[in-house]
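The values are calculated or read from the model by the stated rules, or taken from the named source; none is laboratory data. Computed from a predicted model, the values in this text were never measured in an experiment. Here the Cβ positions follow ideal geometry from the backbone for every residue, glycine too, while neighbour counts run over all protein chains shown.
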Amino acid sequence: MNFNYRYTFLLLTLFLSACSLLEVKQGSIAAVVVEHSHVAKHGGELAKDSSRVTGLVNRGYDIAVLTKDTWKIPNTLGHGFLLQVDFSNISTDIQYFDLKVDFPEMELPNGELRSKIQRKIELGDHGGLYTWYFDFYFDFPYEATPGLWSLTVTTENEVIHTSVFEVVQSTIGI
């Protein structure tokens, strides 16, 4: 009879331990980098969008992946980088993430110096999962300064993802 109590106690302890682990996991958003690539843009057009790095956004373009799984990007005009991150275990009350992008200082055509932006990533009806894409292309020489591009995603002041691309001087030239 003593064996049954020990067995029951062991099972109950394992069950409670598993439940406490699930509670910790439910409070943590998971982020997995699916793609980080050197890409080239084909076609499309630029439209004004003040929330973007240079105040412009590309629309209606196609991309070609030139080098997969790389964090080093040559600063060739028309080229850039693509990042895909899958987030999971997102609480249903979270409707957006905050994005901060730090990059080498550039002087925009209007004379403004810019080296960072912050904006929201709207999640919509995510059901606990969200796939986020970020891409940037060197459309103008002032965008192509070598240096580090740091992309940080936060929610409720907690960092849930950071990626860093290094833009390097191209051997092709800009």
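Annotations
- Residues satisfying the stated conditions in region 60-79, i.e. on the phi > 0 side of the Ramachandran plot, in contact (Cβ under 8 Å) with a residue 24 or more places away in the chain and not charged (D, E, K, R): GLY78
- Pair list, Cβ < 7 Å and 6+ apart or interchain, from region 43-59 residues that are touching a residue at least 40 places away in the same chain (Cβ under 8 Å) to residues that are part of a loop (DSSP other than H, G, I, E, B): LEU46/ASP139; THR54/LEU108; GLY55/ASP49; GLY55/LEU108; LEU56/ASP49; ASN58/GLY44
- Looking only at residues in region 44-54 that are assigned to a loop (DSSP other than H, G, I, E, B) and touching a strand residue (DSSP E or B) at 6+ places or on another chain (Cβ under 6 Å), the one that is surrounded by the fewest Cβ atoms within 10 Å (Cβ to Cβ) is SER51.
- For region 76-91, filtering for residues that are more than 20 Å from the chain's Cα centre (by Cα) and more than 19 Å from VAL57 (Cβ to Cβ) leaves 1.
- Selection within region 123-147: residues that are of a type in the set (D, E, K, R) and within 22 Å of ILE63 (Cβ to Cβ). The member of this set that is surrounded by the fewest Cβ atoms within 10 Å (Cβ to Cβ) is ASP135.
- Restricting attention to region 64-82, the residues that are of a type in the set (D, E, K, R) and outside any loop (DSSP other than H, G, I, E, B) total 1.
- Only listed residue being at pLDDT below 90 and within 20 Å of TRP149 (Cα to Cα), chosen from ASN75, ASN58, ASN4: ASN58
- Considering each residue of region 95-109 in turn, at least one proves to be outside any strand (DSSP E or B), over 17 Å from the mean Cα position of the chain (by Cα) and either in contact (Cβ under 8 Å) with a residue 40 or more places away in the chain or surrounded by 13 or more Cβ atoms within 10 Å (Cβ to Cβ) (or both).
- Residues that are surrounded by 16 or more Cβ atoms within 10 Å (Cβ to Cβ) and either more than 15 Å from the chain's Cα centre (by Cα) or not in a strand (DSSP E or B) (or both) within region 148-174 comprise VAL167, SER170, ILE174, listed in sequence order.
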